[in-house]
Amino acid sequence: MAYDEKAAMRVRELLSSRTDVIEKKMMGGLCFMVGGNMCCSVSGKGGILVRVGPDAHPSVLGEPHVQPMEMRGRMMTGFVRIAPEGYGTDAGLKKWIRRGLDFVAPMPAKSARKTSRSKAPKRQRTA
């Protein structure tokens with residue numbers, strides 16, 4: 001399932017004043033990295049994912065339209081999934097993006113990762 005392009009444009013607009021945002025296709029959607037740290041994502045499974053941190057996680061789960069984020073059967077503490085009804089208004093989306101930004105703001109910036117190849121010798125195939 002493709003992610004919601006309209007939601008991605010709305011998130012992109014909210015983050016447009018920042019110079020430290022990189023978009024990456026990952027986790028089945030479009031992820032917005034701030035200073036190299038995942039802030040939020042427009043999910044291919046519907047809704048948006050927001051990184052709120054482990055301390056805020058329990059209280060945020062009690063809010064309307066919020067569910068825990070599960071990945072491959074594992075609960076991702078510190079991340080929540082917000083249904084489209086929870087960010088349908090500009091104020092609603094801004095609130096959730098602000099929460100993600102507030103969590104990643106104090107984190108040290110990460111440099112862009114380069115793919116590294118194993119230095120182990122390649123095995124030769126036998127026929």
ask   = Does Val11 count as surrounded by 14 or more Cβ atoms within 10 Å (Cβ to Cβ) and part of a strand (DSSP E or B)?
value = no
message = For segment 59-75, give me each residue that is more than 19 Å from Val11 (Cβ to Cβ) and either polar (S, T, N, Q) or touching a strand residue (DSSP E or B) at 6+ places or on another chain (Cβ under 8 Å) (or both).
response = Ser59, Leu61, Pro68, Glu70, Met75
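So which strands (runs of 3 or more DSSP E) are wholly in segment 14-127 and hold at least 2 residues that are under 17 Å from Asp4 (Cα atoms) and modelled with pLDDT of 95 or more?
Details: elements: 21-26, 29-34, 37-42, 48-51, 66-71, 74-82.
The qualifying strands (runs of 3 or more DSSP E) are 21-26, 29-34, 37-42, 48-51, 74-82.
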ask   = In segment 5-27, which residues are in contact (Cβ under 8 Å) with a residue 24 or more places away in the chain, acidic (Asp, Glu) and either under 15 Å from Lys95 (Cα atoms) or touching a Cys at 6+ places or on another chain (Cβ under 9 Å) (or both)?
value = none
ask   = Within segment 77-104, restricting attention to residues that are under 19 Å from Val34 (Cα atoms) and free of Cβ contacts under 8 Å to residues at least 12 places away in the same chain, which residue is surrounded by the fewest Cβ atoms within 10 Å (Cβ to Cβ)?
value = Arg98
note = For Val42, the lone unmet condition from (1) under 16 Å from Tyr87 (Cβ atoms); (2) free of Cβ contacts under 8 Å to residues at least 24 places away in the same chain is (2)
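If you check Leu30 against the conditions, is it among the hydrophobic types (A, V, I, L, M, F, W, C), out of contact with any strand residue (DSSP E or B) (no Cβ under 8 Å at 6 or more places or on another chain), buried (at least 17 other Cβ atoms within 10 Å of the Cβ) and touching a residue at least 12 places away in the same chain (Cβ under 8 Å)? Quick ask: steps written out before the conclusion?
On the way: among the hydrophobic types (A, V, I, L, M, F, W, C): yes; out of contact with any strand residue (DSSP E or B) (no Cβ under 8 Å at 6 or more places or on another chain): no; buried (at least 17 other Cβ atoms within 10 Å of the Cβ): yes; touching a residue at least 12 places away in the same chain (Cβ under 8 Å): yes.
Criteria not met by Leu30.
Please enumerate the residues belonging to segment 7-33 that are of a type in the set (A, V, I, L, M, F, W, C) and out of contact with any Lys or Arg (no Cβ under 7 Å at 6 or more places or on another chain). Step through it out loud before you land on a result.
Restricting attention to segment 7-33, the residues satisfying the condition of being of a type in the set (A, V, I, L, M, F, W, C) are 7-9, 11, 14-15, 21-22, 26-27, 30-33.
Answer for segment 7-33, where residues must be of a type in the set (A, V, I, L, M, F, W, C) and out of contact with any Lys or Arg (no Cβ under 7 Å at 6 or more places or on another chain): Ala7, Ala8, Met9, Val11, Leu15, Val21, Ile22, Met26, Met27, Leu30, Phe32.
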inquiry  = Any residue at all in segment 54-69 that's in contact (Cβ under 8 Å) with a residue 60 or more places away in the chain and more than 12 Å from the chain's Cα centre (by Cα)?
reply    = no
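The values are calculated or read from the model by the stated rules, or taken from the named source; none is laboratory data. In this text, all values refer to a predicted model and were calculated from it rather than measured experimentally. Positions of Cβ are backbone-derived with ideal geometry, glycine not excepted, and every protein chain shown enters the neighbour counts.
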